[in-house]
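Visitor: First the structure, which I've put down as structure tokens, then a few questions once you've had a look.
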Amino acid sequence: MTRILVVEDEPSYLDPLLYQLIREGYEAHGAATGEEAWALYEEMEFDLVLLDLMLPGVSGTTLCRRMRELRRVPIIMVTAKSTENDVIVGLEIGADDYVTKPYSFRELLARIHAVLRRSLEPRASGAPGGNDETLTCGPIEMSVASHEVRIHGELTQFPLKEFEVLEYLMRNKGRVLTRQQLIGRVWGSDYVGDTKTLDVHVKRIRAKIEANPSNPALLTTVRGLGYRICDERSR
């Protein structure tokens, strides 16, 4: 049985959510504080965590970082905040997806299904090889199997989803990839979240690879179509 940890300090959300998840066939455990959640996380193996960003005591962002350090478990951030900065924080610290309050249980359940399915599939790359394949584009050098990216020879950290977006772009360098192609490849064709998630990732990637992120030369926007990396100007 799939085991889910729900970290939520508002009983009006926590209690109905636990009830509905159990009715859907999940083994659901609840925690109202960061400390309580961490104790459960250390004690038990979970398949997915629904993590509220605003918690008393240990914050949701701190808890997410600690959870990521201990083991790799899919995390969906659940928060009342929806500004770009809040989304960036959640995705940067390792969340796989986010949903904002108020939300419908049907929407949340769809995201749970999608995240759990993706966690059981191989990484969403174009055509992985048996060796540590190297992809290049201008100053970017990516070692796929070792999950390393160097910019001008310097090792640069890329969280998983940023890495996967960059990898898919680099496997198709010079070609325009639509937003739908990128979202479908990295987040899955059944992704029901806000497409702003892709924009946030592109913005963060540009901040790392571009000399001038406000006027990108490597990862460019093709108006009305999507994104392209390494066009004629950057080869």
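Visitor: If you take the charge dipole of the chain about its Cα centre, with +1 on Lys and Arg Cβ and -1 on Asp and Glu Cβ, which of 139, 116, 46 is farthest toward its positive end?
Guide: Sorting the options by dipole projection puts first 139.
Visitor: Write down the accessible area per residue of the chain in Å², having rolled a 1.4 Å probe over the full set of protein chains.
Guide: Heavy-atom SASA per residue in the chain reads 49 Å².
Visitor: Still on this model: Can you give me the % of accessible surface on the chain that is carbon or sulfur? Probe 1.4 Å, all protein chains present, nothing else counted.
Guide: Here it works out to 49 percent.
Visitor: When Cα Rg over 2.2 N^0.38 Å is calculated directly from the model, which label among (i) 1.62; (ii) 1.07; (iii) 2.34 fits?
Guide: For Cα Rg over 2.2 N^0.38 Å, the calculated option is (ii).
Visitor: Relative contact order for the chain: what percent, with Cα pairs under 8 Å and sequence separation of 6 or more?
Guide: Dividing the mean separation by the residue count of the chain yields 13 percent.
Visitor: Before rounding to the nearest 500, sum -39500 (n - 2.57) across all DSSP H runs of length at least 4 in the chain and divide by the residue total; then give [θ] at 222 nm in deg cm²/dmol. If you can, show how the numbers build up before the last one.
Guide: On the way: 8 runs with 93 residues, N = 235.
So the calculated ellipticity at 222 nm is -12000 deg cm²/dmol.
Visitor: In addition: Mind checking the dipole of the chain: about its Cα centre, +1 per Lys or Arg Cβ, -1 per Asp or Glu Cβ, Debye to the nearest 20?
Guide: For this selection, approximately 1160 debye.
Visitor: By how many degrees, 0 to 90 and rounded to 10, does the Cα axis of helix 196-209 deviate from the longest principal axis of the chain?
Guide: With both axes taken from Cα atoms, the answer is about 50 degrees.
Visitor: Now, a different point. Hey, can you rank 105-117, 160-172 by average C-beta count inside 10 Å, highest first?
Guide: Numbers: 105-117: 16.5, 160-172: 20.9.
The most tightly packed comes first, giving 160-172, 105-117.
Visitor: Kirkwood Rh over alpha-carbon pairs of the range 15-113, then Stokes-Einstein at 37 °C and 0.692 mPa s: what D in µm² s⁻¹, rounded to an integer?
Guide: The estimated diffusion coefficient comes to 238 µm²/s.
Visitor: Who wins for biggest fluctuation among 96, 47, 15 in a Gaussian network model of the chain, springs between alpha carbons below 10 Å?
Guide: Of 96, 47, 15, the Gaussian network model singles out 15 as fluctuating most.
Visitor: Compare the Cα positions of 202, 227, 19 along the charge dipole of the chain (+1 at Cβ of Lys, Arg; -1 at Cβ of Asp, Glu; about the Cα centre) and return the one farthest towards the positive end.
Guide: 227
Visitor: For each cysteine in the chain, check whether another cysteine's C-beta sits under 4.7 Å from its C-beta; list those where none does.
Guide: 64
Visitor: Note down the magnitude of the dipole of the range 1-95 about its Cα centre, charges +1 on Lys and Arg C-beta and -1 on Asp and Glu C-beta and zero elsewhere, to the nearest 20 debye.
Guide: 280
The values are calculated or read from the model by the stated rules, or taken from the named source; none is laboratory data. Only a predicted model underlies this, so the values are computations on that prediction, with no experimental measurement involved. Cβ: placed from backbone, ideal geometry, glycine included. Neighbour counts: every protein chain shown. Calculation scope for accessible area: heavy atoms of the full protein, side chains included, ligands and nucleic acids excluded. Shrake-Rupley method; radii C 1.70, N 1.55, O 1.52, S 1.80 Å.
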